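Visitor: Please see the structure below; I have some questions.
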Amino acid sequence: MVKEVSIDAIWELLKTVPDPEIPAVSVVDLGIVRNVGFNNDQLNITITPTYSGCPAFTFMKEEITRHLELEGITNYQINTLLAPPWTTDWMSDEVKAKLKEAGIAPPSHEVICPQCDSKKVQVVSEFGSTACKALYKCNECSEIFHHFKQI
Amino acid sequence: MIKDLLYKYVLALGDDALILGQRLSQWAYKGPFLEEDIALSNISLDMFGRANLLLEYAATLKGNGVTADNLAFKRNERQFTNHILFERPNGNFADTMVRQFFLDTFYKLFLQKLTESKDEQLSAIAQKSIKETTYHLRHSSKWIIRLGDGTAESHAKVQSAIDSLWMFTNELFEMNDVDNEMVRQKIGVNCLSIKSEWDKIIDEVLAEATLKRPEDIQIITGGREGIHTEHLGHLLSDMQYLQRAYPDAKW
């Protein structure tokens, strides 16, 4: 059964597992999934946490498990890797565009308002509703928005 | 032998992070304003995450079915080996920020060195943690400057916090037998080597904040030997309540 599933198909499947706190992006988009491979019949998936205390990490692991089992995949192992540490550099431009679409300024040294594209923004707080986001305010359109922190 | 020393080394680092995480969590819903409440809770979560990585590793080294949860919830006060500064009460906001600033500065320098550890797991944990400590330090040092160079009242409160916590800072740089052996094995950090850099950062921020650096008159130590101030027991009784009342309860 497992052998019939290709590595590409697993990647496609993982792309359907959303981040529980930012559903606009998937665990693959965020760069949490580091590797997918087979060892004989066993599927091995390697994931890495975004922030060490991210409460969503355990949930994401459970969601990956759930999605695999829904596809009838039972012989698998999910490993956690810490180094190299997760970085927002692993996000593609396409993913950054998805964040902007969801009203979150994508990781960048220069923060730009996702609503009106103004660069006249100010930090409200370096800490937002999740570990990965900071709170900003746009001085042009007055909108409060989140910035996905660049780390 | 080395494995046992490494266990003690990792456990002490895990205790530091766990106790600070618990302290900071006590600010949740009591922060001076919403954004700061969220900030303190975020930093607390980062510390719990760090504690979890370290205590899980310590549990692996210990073996015999020991888990990170056992280590966190089933040891007594005298078995905790965190440095005393980590357990100091939150006090007012200035007390919390001064404790955080001293510790963030220490962590930044300590973790930087720990990334070079020959122990791959410790190095990986350090590489992960230092990214978080970098913005914790940015946050706490900004507050020290804002409070110190703020009103007469904020200046007095932050200076008083510095004066009362200063005696616990020297312990951060003490080296015991475990530390020395870990340094010999190129696993641990020689804390004496980061003291001057710590002094430099502290002095720069205090100067900008118009605050005074206290004299090293009294030095309190003992945390790594399990000798704590009276505050740790209260913190543990709160943190461990559920596992003590309902052993092995699970979510």
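The values are calculated or read from the model by the stated rules, or taken from the named source; none is laboratory data. Because the structure is a prediction, the values reported are computed rather than measured. With ideal geometry, Cβ positions are generated from the backbone for all residues, glycine too; neighbour counts draw on all protein chains shown.
Visitor: Can you tell me which residue is farthest from residue B:57 (Cα to Cα) among those in segment A:36-54 that are without any contact (Cβ under 8 Å) to a residue 12 or more places away in the chain and surrounded by fewer than 21 Cβ atoms within 10 Å (Cβ to Cβ)?
Guide: Taking segment A:36-54 first, the residues without any contact (Cβ under 8 Å) to a residue 12 or more places away in the chain are A:39-40, A:52.
The next check asks that each one be surrounded by fewer than 21 Cβ atoms within 10 Å (Cβ to Cβ); those that pass are A:39-40.
Working: A:39: 26, A:40: 29 Å.
Restricting to residues being without any contact (Cβ under 8 Å) to a residue 12 or more places away in the chain and surrounded by fewer than 21 Cβ atoms within 10 Å (Cβ to Cβ), the top hit is A:40.
Visitor: Moving on. Does segment B:145-153 contain at least one residue that is under 30 Å from residue B:53 (Cα atoms) and within 14 Å of another protein chain (Cβ to nearest Cβ)? Spell out how you get there, then give the answer.
Guide: Initial filter on segment B:145-153 (under 30 Å from residue B:53 (Cα atoms)): none.
The answer is no; no qualifying residue exists.
Visitor: While we're looking at this one, here's another question. Scan segment B:5-19 and tell me whether some residue there is within 11 Å of another protein chain (Cβ to nearest Cβ), among the hydroxyl-bearing types (Ser, Thr, Tyr), over 27 Å from residue A:133 (Cβ atoms) and crowded, with 21+ Cβ neighbours inside 10 Å. First the steps, then the outcome.
Guide: Of segment B:5-19, the ones within 11 Å of another protein chain (Cβ to nearest Cβ) are B:17.
Imposing the further condition that a residue be among the hydroxyl-bearing types (Ser, Thr, Tyr) reduces the set to none.
For segment B:5-19, residues within 11 Å of another protein chain (Cβ to nearest Cβ), among the hydroxyl-bearing types (Ser, Thr, Tyr), over 27 Å from residue A:133 (Cβ atoms) and crowded, with 21+ Cβ neighbours inside 10 Å: absent.
Visitor: Moving to a separate point now. Among (1) within 11 Å of another protein chain (Cβ to nearest Cβ); (2) touching a strand residue (DSSP E or B) at 6+ places or on another chain (Cβ under 6 Å), which single condition is residue A:129 missing?
Guide: (2)
Visitor: For segment A:91-109, what are the residues that are in a helix (DSSP H, G or I) and of a type outside the set (Gly, Ala, Ser)?
Guide: At the first step, the residues of segment A:91-109 found to be in a helix (DSSP H, G or I) are A:93-101.
Hits for segment A:91-109 are A:93, A:94, A:95, A:96, A:98, A:99, A:100, A:101.
Visitor: Right, here's the next one. State which residue is surrounded by the fewest Cβ atoms within 10 Å (Cβ to Cβ) when the search covers only segment A:86-123 and only residues that are within 14 Å of chain B (Cβ to nearest Cβ) and under 24 Å from residue A:20 (Cα atoms).
Guide: If we take residues in segment A:86-123 being within 14 Å of chain B (Cβ to nearest Cβ) and under 24 Å from residue A:20 (Cα atoms), then A:89 is surrounded by the fewest Cβ atoms within 10 Å (Cβ to Cβ).
Visitor: Does residue B:203 satisfy the criteria of being at pLDDT below 95, over 19 Å from the mean Cα position of the chain (by Cα), of a type outside the set (Val, Ile, Thr) and loosely packed, with under 15 Cβ neighbours inside 10 Å?
Guide: Numbers: at pLDDT below 95: no; over 19 Å from the mean Cα position of the chain (by Cα): yes; of a type outside the set (Val, Ile, Thr): yes; loosely packed, with under 15 Cβ neighbours inside 10 Å: yes.
In short, no.
Visitor: Can you name the residue in segment B:24-44 that is surrounded by fewer than 22 Cβ atoms within 10 Å (Cβ to Cβ), assigned to a helix (DSSP H, G or I) and touching a helix residue (DSSP H, G or I) at 6+ places or on another chain (Cβ under 9 Å) and is also farthest from the other protein chains (Cβ to nearest Cβ) among such residues?
Guide: First pass over segment B:24-44, keeping only residues surrounded by fewer than 22 Cβ atoms within 10 Å (Cβ to Cβ): B:25-38, B:41, B:44.
Now narrow it down to the ones that are assigned to a helix (DSSP H, G or I): B:25, B:34-38, B:41, B:44.
Among the residues that remain, those that are also touching a helix residue (DSSP H, G or I) at 6+ places or on another chain (Cβ under 9 Å) are: B:25, B:36, B:41, B:44.
Numbers: B:25: 11, B:36: 8, B:41: 8, B:44: 8 Å.
It comes out as B:25.
Visitor: Answer yes if at least one residue in segment A:59-72 is over 22 Å from residue A:23 (Cα atoms) and more than 13 Å from chain B (Cβ to nearest Cβ), and no otherwise. Working first, answer last.
Guide: Restricting attention to segment A:59-72, the residues satisfying the condition of being over 22 Å from residue A:23 (Cα atoms) are A:72.
Cutting the leftovers down to more than 13 Å from chain B (Cβ to nearest Cβ) gives us A:72.
The answer is yes, given that some residue of segment A:59-72 is over 22 Å from residue A:23 (Cα atoms) and more than 13 Å from chain B (Cβ to nearest Cβ).
The rows are residues; the columns are (1) on the phi < 0 side of the Ramachandran plot; (2) of a type in the set (D, E, K, R); (3) within 14 Å of chain A (Cβ to nearest Cβ).
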site: B:108; (1), (2), (3): yes, yes, no
site: B:117; (1), (2), (3): yes, no, yes
site: B:132; (1), (2), (3): yes, yes, yes
site: B:138; (1), (2), (3): yes, yes, yes
site: B:162; (1), (2), (3): yes, no, no
site: B:169; (1), (2), (3): yes, no, no
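Visitor: Ok, one more. Anything in segment B:119-130 that is facing another protein chain (nearest Cβ under 8 Å), touching a Leu at 6+ places or on another chain (Cβ under 8 Å) and not β-branched (Val, Ile, Thr)? List them, or say none.
Guide: At the first step, the residues of segment B:119-130 found to be facing another protein chain (nearest Cβ under 8 Å) are B:120-121, B:123-125, B:127-129.
Within this subset, residues satisfying the condition of being touching a Leu at 6+ places or on another chain (Cβ under 8 Å) are B:121, B:123-125, B:127-129.
Listed by number, the residues that qualify are B:121, B:123, B:124, B:127, B:128, B:129.
Visitor: Right, something else. What number of residues within segment B:204-251 are farther than 22 Å from residue B:160 by Cα and among the β-branched types (Val, Ile, Thr)?
Guide: Adding up the residues that qualify gives 1.
Visitor: For segment A:38-51, name all the residues that are within 20 Å of the chain's Cα centre (by Cα) and over 18 Å from residue A:151 (Cα atoms). Full working, then the answer.
Guide: Here is the first cut: in segment A:38-51, the residues within 20 Å of the chain's Cα centre (by Cα) are A:44-51.
Within segment A:38-51, A:44, A:45, A:46 qualify.
Visitor: Suppose the filter is touching a residue at least 24 places away in the same chain (Cβ under 8 Å), assigned to a helix (DSSP H, G or I) and within 24 Å of residue B:48 (Cβ to Cβ); does residue B:224 pass it? Spell out how you get there, then give the answer.
Guide: On the way: touching a residue at least 24 places away in the same chain (Cβ under 8 Å): yes; assigned to a helix (DSSP H, G or I): yes; within 24 Å of residue B:48 (Cβ to Cβ): yes.
It is true that residue B:224 is touching a residue at least 24 places away in the same chain (Cβ under 8 Å), assigned to a helix (DSSP H, G or I) and within 24 Å of residue B:48 (Cβ to Cβ).
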